[in-house]
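Comments concern the structure below.
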Amino acid sequence: MQDLNPQQQEAIQHTNGPLLVLAGAGSGKTKVITRKFAYLSKAKKIPSETVLSVTFTNKAANEMRERINKLVGKDMSHAWIGTLHSQCCRMLRKEIKKLGYRPDFSIYDEDDRCNLIRKILKEFKIYEALYKGVSSRINSLKVSLVGAEDFLSSGDGFGFDEKLAKVYVRYQDELKRSNALDFDDLIMLTVKLFQENPKILEKYQNFFQYILIDEFQDLNNAQYQFIKMLAMLHKNISVVGDDDQSIYKFRGAEVKNLFNFEKDFPGAKIVRLERNYRSTQNILDVSNAVILLNSNRREKKLWTDRGCGEKVHFCWLNNEEEEAKHVAKIIKELYLKGAYSYRQIGILYRVNLQSRAMEDSLRDAGLPYHVVGGTGFYQRKEIKDVIAYARLAMNHGDNISVRRVINCPPRGIGAATLSKIENEAKKKSLCLFDVLKLCVRNDVTVKTTSDKINGFIKMIDKLSAVKYKSAADLLRNVVEKTGYLETVDEEKRQNIAELISSAEGRDIQDFVDKISLMAGHDESAKEDRISLMTFHNAKGLEFPVVFVTGVEEGVLPYFKAIGNEDEIAEERRLFYVGITRAKDLLLLTGARKRKLYSRLQEQEPSRFLSDVPKHCCHWIEKVSQPKPIKRPLNDRRLKPRNVRPLFSSGCRVKHPLWGIGIVRDTYGDGEDQKVTVNFPDIGLKRLSLKLAHLTRI
């Protein structure tokens, strides 16, 4: 308790009943979770295995476990500390027989999920390029706890679509046949398990005496229902979150869970953490002013004893190339002065396409960088191939893994043969591996192909038959028996060697589960490199120096959000998250012209800049023929413009030359509004209302 402030101590010592900790950015919220675990274990003598502690990324979970290990003074590998998905996976490994699955189920990541959906769309003769949209819809249904059969029978409920319903049902059938779950199933099926088996729910309710949840604002509906069901017996649940940092609505996160908590757990104690340990006061004054304009939020005002620090800089430049050169120049100066290393610098942006100009400029300046959220180690083809063999060795029903490795490395089993096997599997309602065996036994294929299939079957059976001491032994056997190393270059061999090294002494199922649950942004680079990332990928990180680029109307806030109050509120939260990543220096930039989606566009400074207090910000213009920027005239916070767009998406308009069209997108406000219109005989046109003479029909 010695290094904790009074509010943190209050949160940790509250051990009887529900607790809601409203924790601002940089206020030490993870510290509250880890110290509370240690307090329960050491001071209250609560068995550590009866405390469920969850957070949202594998990286955060590993850091949480390491901190708890040091505080408690012993290894906590047996404790229930991890992500929500990993904790549900752990329960399902023990209980999933009740739902008709085997405990050795495979876990499909986003790539596996999309590959399966594409295959089903092709089979149903539905446009295959829709797979991402279909995957997103299935995800939104699952986080709303709407199963395939529920959706099929819902009629017009839940945005019913007959084709989607058929794909969803078939997708779930394929998963069941493969004895596989996707990420969303891990939560949805655990909730279903509890709903259909009250005794199993009661067992876990009794077992977990305390529940600790970090990043509570990021819970989706399914996750919240899971947590609520577990906590209803003892009601000793402590949640730590910040509604101002709720930025994952597109993944199903519901900020209203923070408000529902008090309804579902009446009498919950509320503690506010407002002391910030990360940023200087000037940075906090900007963040406080920006987020204050959001309605329906829990009041918090961050403060620090670090002093005012340097003023926040905003620089307005001619175009995105000049913006990128400006950022590279400042980074080089900071580095040459010895003020900061490259790894202490983060460059943030709203959308990935903004990184192109920035990467070009950093390369030209000879500055090392990496893009966070790019292809991670565990997403590399060679790693996924080797893991697919390991998954198939453990679960012969894993159809996705069969499809991935049956001809990798090449062994002469072509697409036509696989298509025949797929058809047989469909007719007989069997998994692909079982059908392969039948085809060989019944001489369904030609002799040469039959020999190759038989060789593949024997190889997988041999891999399955060995009793391995660790996951590394299985992976070594995979690369030896498959001859995979002979087909790849030296870099890929080194990656596979690194994979095997990381598997030493690890349980096979546990190791494969952790890799399957690993997201790309969980992997962090150790080299001294500048980090480039979107605001979404920056969540949970901090840097002494932060550049927030593209602070322009239509970029931040994003043009698709304009005109929707809830979406603008989320964009404001994104800006807030970006600002609060900075510890010492915060530099905002924007460009008067930017190429977006292959079009060069005139840009205006973001509306959010009008909320920034003048006393803590230094404004610079580096543009030819400068247009005056809307700066705040005094320290008073200005309300954002709330001008209704003249035209909205979907409305019909008439052009004097091109006739009648439909508005697809809108951007800007009032007379400054620009619209994208689809004219049946002309195609898409992007128009300025000042010049286009459009009339609404």
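The values are calculated or read from the model by the stated rules, or taken from the named source; none is laboratory data. Treat the numbers as computed from the prediction; the structure is a model and nothing was measured. Neighbour counts run over all protein chains shown; Cβ positions are idealised from the backbone, glycine included. Accessible surface is based on the protein model in full, side chains and every heavy atom, while ligands, DNA and RNA are left aside. Shrake-Rupley method; radii C 1.70, N 1.55, O 1.52, S 1.80 Å.
Here are the numbers for the structure shown:
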read-out	value
Rounded to the nearest 20 debye, dipole of the stretch 297-363 from Cβ charges on Lys, Arg, Asp, Glu	400
Theoretical FRET efficiency, 1/(1+(r/R0)^6), r = Cβ-Cβ of Ser502 and Arg696, R0 51 Å, to 0.05	0.25
Partner aspartates and glutamates for Lys256 [C-alpha distance under 14 Å; skip if fewer than 8 residues away on the same chain]	Glu215, Asp218, Asp242, Asp243, Asp244, Asp264, Asp566, Glu570
Crossing angle, helix 110-123 versus the chain [Cα axis fit, 0-90 degrees, rounded to tens]	70
Rg over Rh, two decimals, the stretch 94-240 (C-alpha only, Kirkwood Rh)	1.01
Förster radius 41 Å - calculated FRET efficiency between Asp510 and Asn442, Cβ distance, rounded to 0.05	0.60
Surface/4 estimate of mean projected area, convex hull on alpha-carbon atoms of the stretch 555-623, nm²	5.7
With every protein chain in place, the stretch 465-597: carbon and sulfur % of accessible area (1.4 Å)	45
For Gly414, net neighbour charge (Lys/Arg +1, Asp/Glu -1) across residues whose Cβ lies under 11 Å away	+3
Accessible surface of the stretch 286-392, 1.4 Å probe, proportion on carbon and sulfur as whole %	49
The chain - mean residue ellipticity at 222 nm from DSSP helices (-39,500 (n - 2.57) per run, n ≥ 4, rounded to 500)	-13000 deg cm²/dmol
Unsatisfied cross-links (Cα-Cα over 18 Å) in the set Lys325/Lys595; Lys560/Lys622; Lys119/Lys176; Lys163/Lys192	Lys560/Lys622; Lys163/Lys192
C-alpha long axis of helix 221-231 to longest principal axis of the chain, angle in °	70
Under 13 Å, Cβ to Cβ, from Thr695 - net charge with Lys/Arg +1 and Asp/Glu -1	+3
Listed residue (Gln209, Thr34, Val488) projecting farthest to the positive dipole end of the chain, Cβ model	Gln209
Dipole magnitude of the chain, debye to nearest 20 (Cβ charges: Lys/Arg +1, Asp/Glu -1, about Cα centre)	480
Residues of type aspartates and glutamates that Lys685 reaches as a straight line, Cα spacing below 18 Å, ignoring anything fewer than 8 places off in the same chain	Glu602, Asp665, Glu671, Asp672
FRET efficiency, 1/(1 + (r/R0)^6) with R0 45 Å, evaluated for Arg93 and Ala416 via beta carbons	0.75
Accessible area (Å², per residue) of the stretch 428-510, counting only protein heavy atoms and a probe of 1.4 Å	56
Extension gain, Cys114 back to Leu130 (0.36 nm per residue minus Cα-Cα distance, nm)	4.7 nm
Accessible area per residue in Å² at 1.4 Å probe, computed on the stretch 1-145	43
Cβ-based net charge around Asp3, under 12 Å, with every Lys or Arg adding one and every Asp or Glu removing one	+2
Protection proxy ranking, peptides 461-471, 62-72, average beta carbon neighbours within 10 Å, highest first	62-72, 461-471
Rounded tilt (10° steps) of 58-72 against the dominant C-alpha axis of the chain	90
Rounded to 5, percent antiparallel among DSSP beta bridges of the chain	30
Lysines whose Cα lies under 16 Å from that of Lys311, excluding same-chain neighbours fewer than 8 positions away	Lys583, Lys614
Long pairs among Lys97/Lys203; Lys166/Lys420; Lys125/Lys384; Lys269/Lys539; Lys94/Lys235, criterion Cα-Cα beyond 19 Å	Lys166/Lys420; Lys125/Lys384; Lys269/Lys539; Lys94/Lys235
Extreme residue, positive dipole direction of the chain, given options Ile383, Ile347, Leu189 (C-beta unit charges)	Leu189
Relative packing of 474-481, 415-422, which averages over residues the other C-beta atoms within 10 Å, highest first	474-481, 415-422
Among 286-293, 100-107, 6-13, the order from most to least packed when residues are scored by Cβ within 10 Å on average	286-293, 6-13, 100-107
Dipole-positive endmost among Pro6, Leu175, His536 within the chain (Cβ charges, Cα centre)	Leu175
